[in-house]
Amino acid sequence: MSNRTYTKEQLDAALASMGVTDQTDVSRYGSGHINDTFKVETRRGVRYILQRVNTDIFPPELLKSNIVRVTEFLKSRGVKSLEVVGYENPWRLYAFLEGYSSVDLVTNPKEAELAAGAFAKFQNDLAELPPPRLGEIIPKFHDTVDRLRLLDEAAAADVRGRKASVAAELDFIDRRRSEAATLVEMMRRGEIPERITHNDTKINNVMLAPDGSNVVIDLDTTMPGSALYDFGDMVRTSTAAAAEDERDLSKVYSKKEYFEALVRGYLANAKFLTEAERASMALSGRIITLTIGIRFLTDYLKGDVYFHTAYGEHNLVRCRTQLKMVESMEAQKDEYERIVRG
Ligand code: ADP
Ligand code: GN1
Ligand code: MG
């Protein structure tokens, strides 16, 4: 779906409900695909991030309770995190992280290593979160088998008559159905433990500062999951040589030196990892990348109802980059396995 539009009155009312009345500018910010994000400037010089949560996707009360629990817990442990200034569903206000910035594409190995370290520490910190179990904000979020079922449903319904034009993509996915199921099967058999994970570890969800410090943001999907969902999604975005929506597929591939940096940064900080988890790190990159490709294709077939899109073929373009990334990871499978073992 394309970005919603808001009137000045709506934005001002949202800010007023959270105690801010001296804003001098409220403008669209970031490149997230789900929520509507704005940067707020005030007369005091204090800046905020204002967000309207996408309530078509997230159950708002459960989301609020998860976010408040996670951010307060991290704060109590002295870990720098998002600071919730106000939360009046569906709106919320975060303190602007001054001095930090996010990138949509990794441009050097150090960035990949830092991001992997940040997400590993995030998992490590949340391992201590006291009960109850964190709410499952979107059930089966990374369940590839279920994502395939939803793709099949969308292809069968073919509401926009797009199926015939994506035969090659559907065939690519079909040929990988059995490998695609392996991660969820290992989870189901208990070979891979459940942990509290971020579940959306794309590179623009970690804010980095020049001194190497970092803050994990976009905590909406933090819930019970697998460490491999997080590592796999890092491989998807942090080893990519080109943007998620690059049209020229010759530019799209997975960079080995970034993969090496990711593994280094992750293993140095994820001391909790079991042998079984470690053994599936390279596999998780292929599976999670395929899973996101499946989701983009499903949304394309359904008529672009989930992800923000800027033009008609946007989801298809994104799907194609994901499938190209999978192909590139497959071509380097032996080397990637060796890097993880080494
Ligand atoms: P979405 O769920 O739509 O992806 P995010 O929470 O990731 O939304 O926010 C979108 C972008 O806004 C991020 O990639 C980041 O660049 C920026 N951003 C989010 N929170 C902050 C913050 N507290 N301070 C500064 N920038 C932020
Ligand atoms: C969405 O919110 P954002 O843009 O960080 C999506 C992720 C996808 C990602 C693909 C809640 O992430 O699962 O991997 O787009 N978030 C949700 O870029 O569906
Ligand atoms: Mg985001």
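At-a-glance table
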read-out	value
Distance-filtered residues of region 202-225 - backbone nitrogen under 18 Å, label point 7 angstrom along residue 121 Cα→Cβ	202-219
3J(HN,Hα) from dihedral phi, region 28-37, Karplus parametrisation 6.51/-1.76/1.60, rounded to Hz, x for glycine, proline	3, 8, x, 10, x, 9, 10, 8, 9, 10
Descending Cα extents along the principal axes, region 8-95, whole Å	34, 32, 25
Per principal axis, descending, Cα span of the chain in whole Å	56, 49, 38
Residues of type lysines that residue 163 reaches as a straight line, Cα spacing below 19 Å, ignoring anything fewer than 8 places off in the same chain	302
Region 81-188: trypsin sites (Lys or Arg not before Pro) in DSSP coil with no more than 10 other Cβ atoms inside 10 Å	133, 175
Semi-axes of the equivalent ellipsoid for region 177-277, Cα gyration tensor, largest first, Å	23, 19, 14
Within the chain, longest stretch clear of exposed chymotrypsin sites (Phe, Trp or Tyr not before Pro) (DSSP loop, no more than 13 other Cβ within 10 Å)	1-271
Set of lysines with alpha-carbon distance to residue 121 below 17 Å, sequence-local pairs under 8 removed	75, 80, 110, 202, 271
Calculated FRET efficiency for the pair residue 83/residue 21, C-beta based, R₀ 25 Å, to 0.05	0.80
Residue-averaged [θ]222 nm for the chain, counting only DSSP H segments that reach four residues, each worth -39500 (n - 2.57)	-14500 deg cm²/dmol
5 angstrom amide H check on residue 197, placed H, neighbours 5+ away	223, 225
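Bear in mind these aren't lab numbers, they're just calculated from the coordinates by the rules spelled out. In this text, all values refer to a predicted model and were calculated from it rather than measured experimentally. Because the Cβ atoms are built from the backbone with ideal geometry, glycine has one as well, and the counts that use them run over all protein chains shown.
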